[in-house]
Amino acid sequence: MTNRPLHAVLLSGVADAARLLAPLSAAFDGTGPAIVPLDATQPATRLAEIIAAFDPNVVIEPGGEARVRSSARALAIEPGTAVIIGTSGSTGEPKGVELSAAALEHSARASLARVGARPGDRWLCCLPVSHVAGLQVLVRSLVSGTEPAVAGTATAAALAASGCAHVSVVPTQLIRLLDADDGVAALAGFGSVLVGGAAAGAAVLGRARAAGVAVHTTYGMSETCGGCVYDGIPLDGVRVRAGEDGRLRISGPVLMNRYYQRPGLTADALRDGEFVTSDLGRVDDGLVVVRGRADDVINTGGHKVVPGEVAAALSSCPGVREAVVIGRPDPEWGERVTAIVVPADPANPPGLELLRMHVSARLPRYACPSEVVLTEAIPVLPSGKPDLAALKEART
């Protein structure tokens with residue numbers, strides 16, 4: 001272990017991403033302290049909790065001022081750790097993922113090779129760099145020796161004006177761009193459009209590809225330096241298998257060092273050189289198929305339903321623009337399958353019976369939704385993942 005200093009860099013949204021480049025570069029090559037990028041726009045009490053948990057020696061404020069924390073305990077971090085990424089979401093105890101410079105670099109180079117990036121190709125950053133997907137846009141830029149562009153909002157105009165060859169977005173951004181005037185043309189101008197953070201529906205992906213957009217779906221998490229499976233195929237050096245419990249296990253040079261100051265959690269997650277994910281899935285002839293999160297499984301009438309599989313089926317239903325599936329308490333069945341749907345045409349939304357018929361043609365009948373919530377948009381967390389806590393409160 002080493003007492004390498006740790007600096008927290010507070011960032012005011014996506015537009016502030018460029019300010020992370022210099023400290024990231026120094027952390028990456030070892031000439032500077034390790035860093036933990038944090039979103040300064042979150043509630044002040046929550047930000048204070050995270051800073052207290054990670055206990056950095058210095059906090060760099062959004063204006064650039066460096067505040068030395070005399071109370072810092074100088075906790076040891078793993079040798080080689082360059083970045084700590086927080087993964088606790090909007091609630092719960094902060095959890096930090098220690099990522100080494102070597103793991104970040106391998107991930108970046110493997111990604112550049114997979115999308116066919118050429119020397120001089122620039123990346124557009126329109127994701128929060130306090131999350132791993134946005135951070136990796138900066139890392140790919142550092143590795144390729146290029147200057148990233150930054151768009152505070154992923155609009156068609158911002159994409160078209162960026163002059164970049166590659167961009168990374170979440171499904172909600174992709175859908176909005178496809179619906180926007182000139183959005184398809186802006187997307188089609190990129191050599192690659194990485195889509196991750198959450199599962200993108202088949203209909204959306206099909207629509208984008210039919211329009212000539214070079215979409216690549218990515219699967220991964222902070223613990224694997226972000227996306228480590230592109231279009232179902234693991235990146236070079238990455239291995240994925242399904243364990244006996246159905247959970248996907250990932251190994252290779254992209255894995256985290258550990259969870260910061262959480263030895264028990266680390267021991268549960270890293271076993272025999274593999275990271276044990278929370279995702280159910282399988283590997284068919286080398287193709288990784290992600291079914292959904294194990295802890296989201298709905299138990300309805302004694303049957304287990306994977307929400308991700310139902311949402312994937314709904315995404316191809318006529319009249320559905322976006323869909324998320326959750327479980328809600330039910331006095332008779334234990335839980336009921338609830339579909340949260342954004343209709344393609346709000347004036348003519350799909351009815352429950354249509355949704356049930358569509359799902360029953362693809363999955364067992366017990367997986368069919370028993371209720372539907374129509375909404376204008378799926379609420380998402382800063383990482384781009386659906387805000388399940390908010391969805392559980394949505395009115396039927």
Of the residues in the range 333-350 that are touching a residue at least 24 places away in the same chain (Cβ under 8 Å) and outside any strand (DSSP E or B), the one that is farthest from VAL380 (Cα to Cα) is TRP333
Filter the range 225-244 for residues that are more than 22 Å from LEU104 (Cβ to Cβ) and over 19 Å from the mean Cα position of the chain (by Cα); the one that is surrounded by the fewest Cβ atoms within 10 Å (Cβ to Cβ) is GLU244
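Go through GLY86, GLY145, GLY92 for me and flag whichever is modelled with pLDDT under 95, open to solvent by 30 Å² or more (accessible area, probe 1.4 Å) and of a type in the set (Gly, Ala, Ser).
Answer to the selection: GLY92.
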Residue pairs within 9 Å by beta carbon, gap of at least six or interchain, first lying in the range 218-233 and within 14 Å of VAL195 (Cα to Cα), second in a strand (DSSP E or B) and among the charged types (D, E, K, R), listed first then second, are TYR219/ASP279; MET221/ASP279; GLY232/ASP284
Filtering the range 164-176 for residues that are within 13 Å of the chain's Cα centre (by Cα) and part of a strand (DSSP E or B) leaves a count of 2
LEU391 vs (1) crowded, with 20+ Cβ neighbours inside 10 Å; (2) part of a helix (DSSP H, G or I); (3) not acidic (Asp, Glu): all pass except (1)
Legend entry - Residue within the range 296-318 that is in a helix (DSSP H, G or I), closer than 17 Å to ALA202 by Cβ and of a type in the set (D, E, K, R) present: yes
Residues in the range 65-83 that are at pLDDT 90 or above and farther than 26 Å from VAL254 by Cα total 4
On the basis of being out of contact with any strand residue (DSSP E or B) (no Cβ under 9 Å at 6 or more places or on another chain), open to solvent by 40 Å² or more (accessible area, probe 1.4 Å) and polar (S, T, N, Q), does SER12 make the cut?
no
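Kindly check whether there is at least one residue in the range 177-191 that is in a loop (DSSP other than H, G, I, E, B) and open to solvent by less than 30 Å² (accessible area, probe 1.4 Å).
Pass one, the range 177-191, residues in a loop (DSSP other than H, G, I, E, B): 180-182, 189-191.
Right, trim to open to solvent by less than 30 Å² (accessible area, probe 1.4 Å) and you get 190.
Within the range 177-191, one or more residues are in a loop (DSSP other than H, G, I, E, B) and open to solvent by less than 30 Å² (accessible area, probe 1.4 Å).
The values are calculated or read from the model by the stated rules, or taken from the named source; none is laboratory data. Keep in mind that this is a model prediction, so the values were computed, not measured. Note: ideal-geometry Cβ built from the backbone for every residue, glycine included; neighbour counts use all protein chains shown. For accessibility, only protein heavy atoms count, side chains too; no ligands or nucleic acids. Shrake-Rupley method; radii C 1.70, N 1.55, O 1.52, S 1.80 Å.
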